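Peer 1: Mind having a look at this structure? Questions to follow.
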Amino acid sequence: MADQILICRCEDITKERLLEVIAEGYETIDEIKRATRAGMGPCQGRTCRQLIAQELSKIYGVPMEEVLMPTFRAPVKPISMGTLADAHKKGGE
Amino acid sequence: MKKAYDIIIVGGGIVGCSIAFEMAKRGHSNILLIERGYLSGGATGRCGAGIRQQWGSVLNATLAVESTHIFENLEEYTGYKGNCGLNQAGYLLIACTEKEWDQFQKNLEVQHQLGVDSYPVDLEKDVYKYVPFINTDGIYGATFCQKDGHADPFHCTFAYAYGARQLGVDILTYTEVLSLKAEGGKIKGVSTTKGDFEAPMVINCANAWAPGLAAQVGDEIPVFPERHQALVTEPVAPMGPNGPMPMVMSFHRKFYVQQSPHGSFIMGIAETEPVSFNIRSSWQFLEECCGVICDTLPALRGLRVVRQWAGLYDMSPDRNPIIEFSKNAEGLITICGFSGHGFMVAPRTAILVAKHLCNEQDDLDIKRFSADRYRTGELLLEPSVV
């Protein structure tokens, strides 16, 4: 039951799935993100990357601060394409 | 870990991983593949995830068609348990000038020679059957091919890597190749951040970094890095007629956009870029990309952008790959210069390389890909690239 805990709420990735891909040999948050989509949703990993880091820290016996973090990418909070498109038009006038 | 192999492959993108798999499949699995970061972490994982067969040259169309056949069964082909994300929702290519439209007619002839089911689409009514909300202002014509579409660059790379590992290939990630070792005109191996490894053959698949490695033995590979940016939106319900929205692409307006099977929209534009290894994202790209694409597809205005990134195209002078057998260090092969379409042609390119190395017959002539073509003038010209 504990393994059904959601690690990534945006992409519905459970702890069970996380442990599964770690067992398959994915060693870093970057790899796990690409294998499962954890961290690719609207919140961009704000919740799950710390939880994944904790698991990796435990499993590989490395301190949390040494777990490799993925790149934090803009725009940080979702922005509509329309807002961005209008900014482009304004810039062109 | 072993210190000597028959073959060392540098680069864990789809090119390196697919060559490792194709060689292992032919019984040559004493291979070490070395990747600086994680598999697919370079150009492959940063690409637009499109696969298309609507090319204008016989060579590119052949590579793409035969690669697509492999993408159609990649999981089974490699034994991979994951999902490679293939979705053949099609590509709608739009022409914005009479000249471009004339070129499309020639492209269709090339495609039809190779059995590609591509065709012109009537702009008055039929176009909406493919992309229901397209703004056709300024569009001169369009062609469509249902078998074009999307594949997941991460999982396709992982699939090849999985298949290669199952056959005995060793893969070393987070390990950087620092230098090539050559002696008496022959390649001997590589030095890496995790020690030295020996092999009488090194296949250099390091994309934009490949020329720098090749230069260590005196090979001049005229390939240059160029930043290309992309963005992705939140996932939404399918916006195409029978599922995700097909790829819509314009060479004239320099954009591409398609809905992935997951529901998100992946898109990019071609910007004027200097030669540089810069892969930082810019806010100018966010605004311009959304501006250009919302003109043609205003219905996308409500979608929210969740992430942007950038990667490198490995640009060659004729925007087609180079497969160079070193004259300075026998046994070194450099494969790069895919110029932005490496992902979609990698499966067939890997077969081309593996067949050559295993002395198997091939309909394609690998010599045509040599950088010698820039001296002889026998360029591999392609009229339809972004």
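Every number here is computed from the coordinates shown, using simple stated rules; none is lab data. What you are looking at is a predicted structure, and each value in this text was computed from that prediction instead of being measured. Methodologically, a virtual Cβ is constructed for each residue, glycine included, from the backbone with ideal geometry; neighbour enumeration extends over all protein chains shown.
Peer 1: Distance in nm between label sites at residue B:273 and residue B:58, each 7 Å beyond Cα in the beta-carbon direction?
Peer 2: Result for the modelled spin labels: 3.2 nm.
Peer 1: So which GluC sites (Glu not before Pro) in the range B:32-140 pass both tests, a DSSP loop state and at most 12 other Cβ atoms within 10 Å of the Cβ?
Peer 2: Filter output for the range B:32-140: B:124.
Peer 1: Loop only per DSSP, at most 16 neighbouring Cβ atoms within 10 Å: give me the trypsin sites (Lys or Arg not before Pro) in the range B:1-104, ordered by residue number. Provide the component values of the computation, followed by the final result.
Peer 2: Numbers: sites: B:2, B:3, B:25, B:26, B:36, B:46, B:52, B:81, B:99; in loops: B:2, B:3, B:26, B:36, B:52, B:81.
Loop-located and lightly packed - B:2, B:3, B:26, B:81.
Peer 1: Two-decimal Rg/Rh of chain B from alpha-carbon positions, Kirkwood Rh? Don't jump to the answer; show the numbers that get you there.
Peer 2: Numbers: Rg = 20.6 Å, Rh = 21.3 Å.
We get a ratio of 0.97 for chain B.
Peer 1: Please arrange B:276, B:316 by counting, for each residue, the other beta carbons lying within 10 Å of its beta carbon, fewest first.
Peer 2: Working: B:276 12, B:316 24.
So the residues, fewest neighbours to most, are B:276, B:316.
Peer 1: If the cut-off is 27 Å between C-alpha atoms, which lysines fall inside it for residue B:99, apart from same-chain ones fewer than 8 positions away?
Peer 2: B:125, B:129, B:147, B:254
Peer 1: Computed FRET efficiency, Cβ-Cβ of residue B:6 and residue B:283, R0 45 Å: what is it to the nearest 0.05?
Peer 2: Numbers: r = 48 Å, r/R0 = 1.07.
With a Förster radius of 45 Å, E is 0.40.
Peer 1: Go through A:28, A:2, A:80 and say which Cα lies farthest out towards the positive end of the charge dipole of the range A:2-92; charges sit on Cβ, +1 for Lys and Arg, -1 for Asp and Glu.
Peer 2: A:80
Peer 1: Please determine, in degrees from 0 to 90 and to the nearest 10, the orientation of helix B:14-25 with respect to the longest principal axis defined by the Cα atoms of chain B, where the helix direction is its Cα long axis.
Peer 2: Tilt relative to chain B: about 60 degrees.
Peer 1: If each Cα of the range A:2-92 is one equal point scatterer, what is log10 of I(q)/I(0) from the Debye formula at q = 0.10, 0.12, 0.26 Å⁻¹?
Peer 2: Values returned for q = 0.10, 0.12, 0.26 Å⁻¹ are -0.32, -0.43, -1.37.
Peer 1: What number, rounded to the nearest 500 deg cm²/dmol, is the helix-based mean residue ellipticity at 222 nm of chain A, given -39500 (n - 2.57) per DSSP H run of at least four residues and division by all its residues?
Peer 2: Using -39500 (n - 2.57) per qualifying helix, the result is -13500 deg cm²/dmol.
Peer 1: Can you list residues from other chains, or at least 5 along the same chain, whose modelled amide H is less than 5 Å from the amide H of residue B:332?
Peer 2: For residue B:332, the qualifying residues are B:187, B:202, B:326.
Peer 1: Okay, next question. ³J(HN,Hα) across the range B:167-183 via Karplus (A = 6.51, B = -1.76, C = 1.60, θ = phi - 60°), whole Hz, x for Gly/Pro?
Peer 2: 8, x, 6, 8, 10, 10, 9, 6, 9, 9, 7, 8, 7, 8, 10, 10, 8
Peer 1: Let me ask something else. Neighbouring Cβ atoms within 10 Å as the yardstick, rank B:376, A:83, B:192 fewest first. Walk me through the numbers before you get to the answer.
Peer 2: On the way: B:376 8, A:83 14, B:192 19.
Arranged by neighbour count, lowest to highest, B:376, A:83, B:192 become B:376, A:83, B:192.
Peer 1: I would also like to ask the following. Divide by every residue of chain B the summed helix terms, -39500 (n - 2.57) for each DSSP H run of at least 4, and state the resulting mean residue ellipticity at 222 nm, rounded to the nearest 500 deg cm²/dmol.
Peer 2: It lands at -8500 deg cm²/dmol.
Peer 1: Can you list residues whose amide H is under 5 Å from residue A:7's amide H, if they're 5+ apart or on another chain and H is modeled 1.01 Å from N?
Peer 2: A:13, A:14, A:15
Peer 1: So if the hydrodynamic radius of the protein assembly as shown is defined as the Kirkwood radius over C-alpha pairs, what does Stokes-Einstein give as its diffusion coefficient at 4 °C and 1.567 mPa s, in µm² per second?
Peer 2: Estimated via Stokes-Einstein, D reaches 56 µm²/s.
Peer 1: May I pose another question? Taking loop as defined by DSSP and a crowding limit of 13 other beta carbons within 10 Å, which trypsin sites (Lys or Arg not before Pro) in the range B:266-342 fit? Could you put the intermediate results ahead of the total?
Peer 2: Details: sites: B:280, B:301, B:304, B:307, B:319, B:327; in loops: B:280, B:319, B:327.
Of the trypsin sites (Lys or Arg not before Pro), the ones in loops of the range B:266-342 whose Cβ has at most 13 other Cβ atoms within 10 Å are B:280, B:327.
Peer 1: Under a crude label model (7 Å from the Cα following the beta-carbon direction), how far is residue B:374 from residue B:361 in nanometres?
Peer 2: Placing both labels 7 Å along Cα→Cβ, they lie 3.5 nm apart.
Peer 1: Can I ask one more? Cysteines without a disulfide-compatible partner in chain A, using Cβ under 4.7 Å as the rule?
Peer 2: Cys with no partner Cβ under 4.7 Å: A:10, A:43.
Peer 1: With a ≥ b ≥ c taken as the square roots of the eigenvalues of the C-alpha gyration tensor of the range B:311-359, please select rounded if a/c is under 1.5 and otherwise prolate if a/b is larger than b/c or oblate if it is not?
Peer 2: oblate
Peer 1: Explain nothing, just compute: Karplus ³J(HN,Hα) = 6.51 cos²θ - 1.76 cosθ + 1.60, θ = phi - 60°, for every residue of the range B:79-89 in order, whole Hz, x for Gly and Pro.
Peer 2: Per residue, the Karplus-derived 3J(HN,Hα) values read x, 6, 8, x, 10, 7, x, 5, 8, 8, 7 Hz.
Peer 1: Taking R0 as 22 Å, what FRET efficiency do you get between residue A:14 and residue B:73 from their Cβ-Cβ distance, rounded to the nearest 0.05?
Peer 2: E(calc), rounded to 0.05, equals 0.15.
Peer 1: Could you pull out the longest piece of chain B with no exposed loop chymotrypsin sites (Phe, Trp or Tyr not before Pro) in it, calling a site exposed if DSSP puts it outside H, G, I, E, B and it has at most 12 other Cβ atoms within 10 Å? Please report the intermediate quantities before stating the final value.
Peer 2: Details: sites that count: B:133, B:277.
The longest such stretch corresponds to B:134-276.
Peer 1: What FRET efficiency comes out for residue B:125 versus residue B:242 if R0 is 22 angstrom and r is the Cβ-Cβ distance? Round to the nearest 0.05.
Peer 2: In this case the efficiency is close to 0.80.
Peer 1: Now for a separate question. Which far-off residues, 5 or more places away or on another chain, put their amide H under 5 Å from the one on residue B:121, with H placed in the peptide plane?
Peer 2: The list, which skips near neighbours in sequence, is B:142, B:143, B:144.
Peer 1: Hey, another quick one. Need the full-extension length gain, residue B:166 to residue B:385, defined as separation in residues times 0.36 nm minus the C-alpha distance. One decimal, nm.
Peer 2: 75.2 nm
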